[in-house]
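Below: one structure, written as structure tokens.
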Amino acid sequence: MSSTVRPGVIRFAKPDLKSSRGDIEVPRGSVLMEALLKAGLPVASSCRGDGVCTKCRLRVRELEAGAASGISDFERGLLDRIQADRAERISCQTEVLGLIEVDADYW
Ligand code: FES
């Protein structure tokens, strides 16, 4: 029996990005913001992933159970501070563990 670790997969919600970019496979556990930057997508930030600015907020939908890391107390504090809606995550604090769909206002 082999135990293969499934990669994380990022899918874009907007149809134009979805068709031009396709699904982006990333190593399981990749930080969402870093994975998007590596793929050439801009992610707003003024703290470069230090968990200070909250500008990296993105709408994230898990398309399978456990596809994103759980919300830590630290991230919960950031989300509460900006009164984020339920779909939003702080992308520099979120790990990709399976298939997720992401969206930003500025893409
Ligand atoms: S990049 Fe500043 S909080 Fe995520």
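Look at the range 5-34 and say how many of its residues are more than 16 Å from residue 64 (Cβ to Cβ) and β-branched (Val, Ile, Thr).
So the answer is 1.
Please find, within the range 48-71, the residue that is nearest to the ligand (Cβ to nearest atom) out of those that are in contact (Cβ under 8 Å) with a residue 40 or more places away in the chain and hydrophobic (A, V, I, L, M, F, W, C).
58
Listed here are the residues, each with its yes/no results for (1) surrounded by 15 or more Cβ atoms within 10 Å (Cβ to Cβ); (2) free of Cβ contacts under 8 Å to residues at least 12 places away in the same chain; (3) within 12 Å of the ligand (Cβ to nearest atom).
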site	(1), (2), (3)
12	yes, no, no
30	yes, no, no
35	yes, no, no
45	yes, no, yes
81	no, no, yes
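Determine, yes or no, whether residue 90 is more than 10 Å from the ligand (Cβ to nearest atom) and surrounded by 15 or more Cβ atoms within 10 Å (Cβ to Cβ).
no
Any read-out appearing in this document is the output of simple, stated calculations on the displayed coordinates, not a laboratory observation. Everything numeric here is computed off the predicted structure, so don't read it as measured data. Cβ atoms come from the backbone with ideal geometry, glycine included; neighbour counts cover every protein chain shown.
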